[in-house]
Amino acid sequence: MKKRALLFAPLPVLLLAAASPIDRLPAGPAGAIVRRAIEHTGGWPAWASRKTVQFRKTVIRYKPDGSVERRRVQWHRYVLRPEMKGRIEFEEDGKKIVFINSGNQAVKLVDGRLAPTQEDTNQARNNTFGSHYVFSMPFKLTDPGVHLEPAGEERLGKGAIAEKVRVTYDRGAGDAGGMHTWWYYFDKKTGRLVANNLKYEADKYDYTEYLDERSVAGLLLPMRRLGYEANEKGKRGRRTSEILYEDVRFDVPFPPALFELPR
């Protein structure tokens, strides 16, 4: 009897270890919407098989009159698993800026020198974690500590109808758990992620459109995003930003030194 117990006791542990993160999604309507979005984007196995990603990201900021205030080209590299690591490089005012995130800590380098202030550290953390988070949608909605609630439907342009999901996070979940509230919009016909409205401070909102979907390594990814001022109902104001993704490549082998923090 003891031998039989030893043989069968590990089975539940093995089953738990084999469970997919998608199993964390709730059984109700909000979970069904996100499951459909993940399938539209390529499915969980296609995403889970990717170990790294790199891309060129162009960030355009607009003035209130609609003219371009700033255009910045960045190079992003991320280790997707087993744990997130990130590196962003760009030039600003004639200086080379590098953000490095080891997964636990982040730093900012300016012309190869460590930037010393807490503001510099926060900038490195926010940019690396934030860009990784947005690029990884809708798969990030399966993370531990995520709470999903159905938030009704909304008619968008050209007769499209979006199903909305309200997203909050437990405090301590990820890098900004408990600090933000998101509303994600998914096309009712296809499941495609089309927009989100973010409450990032009290009475401050940012609305983002996801456009120009393309197939990359078996995944359907938006190559362009437009950002707008907004209110709590997702009503858009003026356009504030545009982001373009180019040269997206998965499973690029990165030397570990890329993500090591300077001593």
Query raised in the report: Taking a probe of 1.4 Å, how large is the accessible area per residue of the chain, in Å²?
Result: 57
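Computed FRET efficiency, Cβ-Cβ of LYS96 and GLU154, R0 45 Å: what is it to the nearest 0.05?
With R0 = 45 Å, the Cβ-Cβ based efficiency is 0.55.
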Query - Restricting region 125-208 to trypsin sites (Lys or Arg not before Pro) in coil, as DSSP defines it, with at most 14 other Cβ within 10 Å - result: ARG171, LYS189
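For region 69-187, what value does the Rg/Rh ratio take when both radii are computed over Cα atoms and Rh is the Kirkwood radius, given to two decimals?
Details: Rg = 17.2 Å, Rh = 16.3 Å.
Here Rg/Rh amounts to 1.05.
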Query - Cα-only Debye scattering, region 124-251: base-10 log of I(q)/I(0) at q = 0.12, 0.13, 0.15 Å⁻¹ - result: -0.46, -0.55, -0.75
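In region 211-244, which trypsin sites (Lys or Arg not before Pro) fall in coil by DSSP and have 11 or fewer other Cβ atoms within 10 Å?
Working: sites: ARG214, ARG224, ARG225, LYS233, LYS235, ARG236, ARG238, ARG239; in loops: LYS233, LYS235.
Filter output for region 211-244: LYS233.
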Query raised in the report: What 222 nm value per residue comes from the helices of the chain, counting each DSSP H run with n ≥ 4 as -39,500 (n - 2.57) and dividing by all residues, nearest 500 deg cm²/dmol?
Result: -5500 deg cm²/dmol
Query - Prolate/oblate/rounded label for region 30-111 (Cα gyration tensor, a/c 1.5) - result: oblate
Report summary line: Taking a straight Cα-to-Cα line shorter than 27 Å from LYS233, and setting aside same-chain lysines fewer than 8 residues away, one finds LYS63, LYS140, LYS158, LYS164, LYS188, LYS189, LYS199, LYS204
Query raised in the report: How long, wide and thick is region 94-146, going by the Cα atoms along their three principal axes, in whole angstroms, largest first?
Result: 38, 21, 16
Query - Proximal aspartates and glutamates to LYS85, defined as alpha-carbon separation beneath 15 angstrom and excluding residues fewer than eight positions away on the same chain - result: ASP175, ASP251, GLU260
**Report entry** Principal axis dimensions, region 62-106 - Cα atoms, whole angstrom, descending
**Finding:** 44, 22, 16
Query raised in the report: Given the convex hull of the Cα atoms of the chain, what is a quarter of its surface area in nm²?
Result: 18.0
Query raised in the report: Measuring from centroid to centroid over Cα atoms, what is the spacing of region 99-153 and region 224-263 in Å?
Result: 10
Query - Lys, Arg +1 and Asp, Glu -1 on Cβ, resulting dipole of the chain about Cα centre, debye, nearest 20 - result: 580
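Could you tell me which GluC sites (Glu not before Pro) in region 185-263 are loop residues by DSSP with no more than 13 other beta carbons within 10 angstrom of their beta carbon? Show your work: numbers first, answer last.
Working: sites: GLU201, GLU209, GLU213, GLU229, GLU232, GLU242, GLU246, GLU260; in loops: GLU232, GLU260.
Passing both the DSSP loop test and the Cβ count: GLU232, GLU260.
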Query raised in the report: Give me the Kirkwood hydrodynamic radius of region 190-263 in Å, from all C-alpha pairs, to one decimal place?
Result: 14.9
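The values are calculated or read from the model by the stated rules, or taken from the named source; none is laboratory data. These numbers come from a predicted model, not from an experiment. Because the Cβ atoms are built from the backbone with ideal geometry, glycine has one as well, and the counts that use them run over all protein chains shown. Ligands, DNA and RNA are stripped out before the accessible areas are found, and what is left, the full protein with its side chains, is counted by its heavy atoms. Shrake-Rupley method; radii C 1.70, N 1.55, O 1.52, S 1.80 Å.
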